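Everything below concerns the one structure shown next.
The values are calculated or read from the model by the stated rules, or taken from the named source; none is laboratory data. No experiment lies behind these values; they were computed from the predicted model shown. Just the protein is used for accessible areas: all its heavy atoms, side chains included, with ligands, DNA and RNA removed. Shrake-Rupley method; radii C 1.70, N 1.55, O 1.52, S 1.80 Å.
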Amino acid sequence: MKFNFKLSMVTVATFSMFAACKNSSSGGFETDPTTGVQYHFFNRDEKRAKPAIGDFAEVLLTLKNANDSVISNSHHRRRMEDSTKTIKLHLKKTFNGCIPEGITMMTVGDSASFKISADSFYLKTFQMKQLPSFIKAGSMLTANVKLVGFETPQQMADDVEKRIKERQEM
């Protein structure tokens, strides 16, 4: 009986070690098998509508490099006329596992972190010829995102048309 108890304790301890190693190496991130998006949700509500590729998303966004240094933070925008601190992004796929694909997993009010390839982000999304000096080739970026709202292209066009009419009337 003691042997079985000891064996079961060793089995539990071994399983716990492997589980801890697995979680620490992934940093708590999961990978979507279809898109390759690496994600970790802080708040998630899967019951509401989600944006799609082609939509326009309004987000709060913080982008960090592999050393956890902030590259960009929408919370610190300096334009006085825009107090919302949000960024409007056209959700366009530029590579597998890109930020827009991650945003399509979210509903309004959700917040998540996404790991993305720094090479793909700068060279494919921004079509830069080389990486910025502060980015190491082959490294990963972390994008912390909160989805504030989203619009379809038609809703966006209707909104722009409405604003134009309002300005003309003034």
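Counting only the Cα atoms, region 60-170 fills a convex hull of 136 Å³ per residue.
In this structure, the amide hydrogen of Val37, modeled 1.01 Å from its nitrogen in the peptide plane, lies closer than 5 angstrom to those of Asp32, Gly97, counting only residues at least 5 positions away or on a different chain. The length gained by stretching the chain between Ile87 and Glu161 to full extension, at 0.36 nm per residue less their Cα-Cα distance, is 24.6 nm.
Using heavy atoms of the protein chains and a probe of 1.4 Å, the accessible area assigned to Asp158 is about 80 Å². Looking at region 81-143, the accessible area is 50 square angstrom per residue; that uses a 1.4 Å probe and ignores ligands, DNA and RNA.
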